[in-house]
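Report on the following structure.
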């Protein structure tokens, strides 16, 4: 398949069956797009439509185009040809396999070398507190460990030009580092988030309500300043979190 | 008329996927009829009737439900022809995994639940390995990586099959399945099974209740794999 230079969302209908307020959204490589809205407003459904490369065949009737055209069936379904990686909200693995066997199998399904397996575990361990061992059963990993492994798996094995991320801020992993890992340069990235830092780090954000796209907002220069402030505050919060996690005391507030 | 045989474990989402698929078939101008086979009880006929199509149920009671389905295939086809159906969909009870009640000239659809784990496709046997289409359900509950690993395992067990990822709640995958059904050739005469049904000729089949070995006769298989005929 040729390079991806544009992802297009042709909007469909909301939960009430009314047309969405936006007709079409075009996204280019290198862009990070936020998806925001109240819970239940259809953010994850929008991500799923993109993951499936829907062609008007889901309840939202949306169509997803790549380079302006409807992708063929094998591109939609065969993971060896699929160019989309998705981090869903799922926090646990259900597969009854060891970490290593699972990653090997996944590498095979994506036509990758088995030596990527070690790298996945290594990267996952930079995101999580207690380290993951190759021989561990997937099902005993904690929510945070599972999430870290899913992120690393996407960065290495599912490394794709289009990356979909659903609420990376959950599960207590280092969200900014995780986002940096996933949103490598030149990728199309869509991030569902309730976190103002992540929402404002995006170049544009899609606002959802009642299952439909309501508007697309471009982040303003003023918002970028707010974002920088928030990043500083957030780093401060993270440092406090680490200290508390390690059993330390945080009696004095540091002015940031 | 086309014949579609849908098999899969209980709770895998056969009926839910079919509900959406039948809507798509009707939209495409086809006239489906459904026969649902179950063992003791079902109210799936009420669900299917809401779609305003001919529905019939068959309860196998004391007979193995898949043997029952195979034995009654002719009757089902005759009934569906009487209803002027363009497609007969036979939804099986789906229990032991060993049976694959697929005749040669039908569309054989195996519905399988992704959350049962990536080893399931290896355990299922002819139910999956002789299917034309494998419908993987509940993929929304697991990660993308897990869906892809599951898919890889299905490919290993049945390299030629078409895999459709479906969601019985949202209807994802239903239009694809409907498309495959509409491309299926008409059912022929003289149907033959793709795979033999399991051996089932023993005293237990005819109602023996006592457990001890000495009470059993027929074609019997020991736990070490030795198969013998005991009897007169």
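For residues that are within 16 Å of residue A:51 (Cβ to Cβ) and at the interface with another protein chain (Cβ under 8 Å from one of its Cβ atoms), scanning just segment B:172-184, find the one that is surrounded by the most Cβ atoms within 10 Å (Cβ to Cβ). So that I can check it myself, show each step before the final result.
Step one: filter segment B:172-184 for residues within 16 Å of residue A:51 (Cβ to Cβ), giving B:172-173, B:176.
Checking which are at the interface with another protein chain (Cβ under 8 Å from one of its Cβ atoms) leaves us with B:172, B:176.
On the way: B:172: 24, B:176: 22.
Among those residues, the one meeting the criterion is B:172.
Find the residue count for segment B:133-157, including only residues that are part of a helix (DSSP H, G or I), more than 9 Å from chain A (Cβ to nearest Cβ) and more than 12 Å from residue A:94 (Cα to Cα).
Looking only at segment B:133-157, we keep the residues that are part of a helix (DSSP H, G or I), and these are B:139-141, B:144-157.
After this cut, where a residue has to be more than 9 Å from chain A (Cβ to nearest Cβ) as well, the list is B:139, B:154, B:156-157.
Still in the running and more than 12 Å from residue A:94 (Cα to Cα): B:154, B:156-157.
Summing the residues that are part of a helix (DSSP H, G or I), more than 9 Å from chain A (Cβ to nearest Cβ) and more than 12 Å from residue A:94 (Cα to Cα) in segment B:133-157 gives 3.
Is it true that residue A:29 is surrounded by fewer than 21 Cβ atoms within 10 Å (Cβ to Cβ), over 19 Å from the mean Cα position of the chain (by Cα) and either in a loop (DSSP other than H, G, I, E, B) or assigned by TED's automatic domain parsing to the domain that holds residue A:195 (or both)?
Numbers: surrounded by fewer than 21 Cβ atoms within 10 Å (Cβ to Cβ): yes; over 19 Å from the mean Cα position of the chain (by Cα): no; either in a loop (DSSP other than H, G, I, E, B) or assigned by TED's automatic domain parsing to the domain that holds residue A:195 (or both): yes.
So residue A:29 fails the test.
Counting only residues that are part of a loop (DSSP other than H, G, I, E, B) and within 14 Å of chain A (Cβ to nearest Cβ), how many does segment B:106-118 have?
First, pick out the residues of segment B:106-118 that are part of a loop (DSSP other than H, G, I, E, B): B:106, B:117-118.
Next cut, within 14 Å of chain A (Cβ to nearest Cβ) only: B:117-118.
So the answer is 2.
What number of residues within segment A:62-103 satisfy the criterion of being assigned to a loop (DSSP other than H, G, I, E, B) and touching a helix residue (DSSP H, G or I) at 6+ places or on another chain (Cβ under 8 Å)? Before you say what the answer is, go through the steps one by one.
Initial filter on segment A:62-103 (assigned to a loop (DSSP other than H, G, I, E, B)): A:62, A:67-68, A:70-72, A:78-83, A:88-97.
From what is left, the residues that are touching a helix residue (DSSP H, G or I) at 6+ places or on another chain (Cβ under 8 Å) are A:62, A:79-83, A:88-97.
Adding up the residues that qualify gives 16.
Which of (1) free of Cβ contacts under 8 Å to residues at least 40 places away in the same chain; (2) buried (at least 21 other Cβ atoms within 10 Å of the Cβ); (3) within 14 Å of chain B (Cβ to nearest Cβ); (4) out of contact with any strand residue (DSSP E or B) (no Cβ under 9 Å at 6 or more places or on another chain) does residue A:175 not meet, given it meets every other one?
With respect to (1) free of Cβ contacts under 8 Å to residues at least 40 places away in the same chain; (2) buried (at least 21 other Cβ atoms within 10 Å of the Cβ); (3) within 14 Å of chain B (Cβ to nearest Cβ); (4) out of contact with any strand residue (DSSP E or B) (no Cβ under 9 Å at 6 or more places or on another chain), residue A:175 is out only on (3).
Please tell me if residue A:198 is under 24 Å from residue A:174 (Cβ atoms) and assigned by TED's automatic domain parsing to the domain that holds residue A:58. If you could, list the steps in order and put the result at the bottom.
On the way: under 24 Å from residue A:174 (Cβ atoms): yes; assigned by TED's automatic domain parsing to the domain that holds residue A:58: yes.
Yes.
If I ask for residues that are free of Cβ contacts under 8 Å to residues at least 60 places away in the same chain and in a loop (DSSP other than H, G, I, E, B), which ones from segment B:63-105 would you list?
Once the filter is applied, which keeps residues that are free of Cβ contacts under 8 Å to residues at least 60 places away in the same chain and in a loop (DSSP other than H, G, I, E, B), segment B:63-105 yields B:63, B:72, B:83, B:84.
Looking at segment A:186-193, can you tell me whether even one residue there is in a helix (DSSP H, G or I), in contact with a helix residue (DSSP H, G or I) (Cβ under 9 Å, 6 or more places away or on another chain), assigned by TED's automatic domain parsing to the domain that holds residue A:50 and crowded, with 16+ Cβ neighbours inside 10 Å?
Within segment A:186-193, the first condition is being in a helix (DSSP H, G or I), and the residues that meet it are none.
Checking segment A:186-193: not a single residue is in a helix (DSSP H, G or I), in contact with a helix residue (DSSP H, G or I) (Cβ under 9 Å, 6 or more places away or on another chain), assigned by TED's automatic domain parsing to the domain that holds residue A:50 and crowded, with 16+ Cβ neighbours inside 10 Å.
For segment B:3-22, how many residues meet the condition of being part of a loop (DSSP other than H, G, I, E, B) and within 14 Å of residue B:131 (Cβ to Cβ)? Quick ask: steps written out before the conclusion?
Just the residues of segment B:3-22 that are part of a loop (DSSP other than H, G, I, E, B), to begin with: B:9-13.
Next cut, within 14 Å of residue B:131 (Cβ to Cβ) only: B:9, B:12.
Here the count works out to 2.
Could you go through segment B:122-132 and let me know if any residue there is over 23 Å from residue A:52 (Cα atoms), in contact with a strand residue (DSSP E or B) (Cβ under 8 Å, 6 or more places away or on another chain), surrounded by fewer than 23 Cβ atoms within 10 Å (Cβ to Cβ) and touching a residue at least 12 places away in the same chain (Cβ under 8 Å). Give the steps one after another, and end with the answer.
Start the filter on segment B:122-132 by keeping residues that are over 23 Å from residue A:52 (Cα atoms), which leaves B:122-131.
Narrowing further to those that are in contact with a strand residue (DSSP E or B) (Cβ under 8 Å, 6 or more places away or on another chain): B:124, B:127-128, B:130-131.
Narrowing further to those that are surrounded by fewer than 23 Cβ atoms within 10 Å (Cβ to Cβ): B:130.
With touching a residue at least 12 places away in the same chain (Cβ under 8 Å) added as a condition, the list becomes B:130.
Looking through segment B:122-132, at least one residue is over 23 Å from residue A:52 (Cα atoms), in contact with a strand residue (DSSP E or B) (Cβ under 8 Å, 6 or more places away or on another chain), surrounded by fewer than 23 Cβ atoms within 10 Å (Cβ to Cβ) and touching a residue at least 12 places away in the same chain (Cβ under 8 Å).
Hey, among B:160, B:168, which residue is in contact (Cβ under 8 Å) with a residue 60 or more places away in the chain and either more than 11 Å from chain A (Cβ to nearest Cβ) or under 16 Å from the mean Cα position of the chain (by Cα) (or both)? Can you show your working first?
Numbers: B:160 fails: in contact (Cβ under 8 Å) with a residue 60 or more places away in the chain.
Result: B:168 is the single residue among B:160, B:168 that is in contact (Cβ under 8 Å) with a residue 60 or more places away in the chain and either more than 11 Å from chain A (Cβ to nearest Cβ) or under 16 Å from the mean Cα position of the chain (by Cα) (or both).
What are the residues in segment A:182-203 that are at pLDDT below 85 and more than 22 Å from residue A:53 (Cβ to Cβ), if any?
A:185
With the condition being in contact with a helix residue (DSSP H, G or I) (Cβ under 7 Å, 6 or more places away or on another chain), I'd like the strands (runs of 3 or more DSSP E) fully within segment B:162-232 carrying at least 1 qualifying residues. Give the derivation first.
Numbers: elements: B:162-166, B:218-221, B:227-230.
Because the criterion is at least 1 residues that are in contact with a helix residue (DSSP H, G or I) (Cβ under 7 Å, 6 or more places away or on another chain), the strands (runs of 3 or more DSSP E) in segment B:162-232 that meet it are B:162-166, B:218-221.
Could you list, in sequence order, all residues of segment B:51-61 that are more than 17 Å from the chain's Cα centre (by Cα) and touching a residue at least 24 places away in the same chain (Cβ under 8 Å)?
Of everything in segment B:51-61, those that are more than 17 Å from the chain's Cα centre (by Cα) and touching a residue at least 24 places away in the same chain (Cβ under 8 Å) turn out to be B:51, B:53, B:54.
For residues that are more than 14 Å from residue B:196 (Cα to Cα) and in contact with a strand residue (DSSP E or B) (Cβ under 7 Å, 6 or more places away or on another chain), tally how many sit in segment B:69-78. Show your work before the answer.
From segment B:69-78, those more than 14 Å from residue B:196 (Cα to Cα) are B:72-78; that's our starting set.
Going one step further and asking which of them are in contact with a strand residue (DSSP E or B) (Cβ under 7 Å, 6 or more places away or on another chain), we end up with B:72-73, B:76-77.
Residues flagged as more than 14 Å from residue B:196 (Cα to Cα) and in contact with a strand residue (DSSP E or B) (Cβ under 7 Å, 6 or more places away or on another chain) within segment B:69-78 amount to 4.
The values are calculated or read from the model by the stated rules, or taken from the named source; none is laboratory data. In this text the structure is predicted, and so the values were computed from the model without any measurement. Neighbour counts are summed over all protein chains in view; Cβ atoms, including those assigned to glycine, are modelled from backbone coordinates with ideal geometry.
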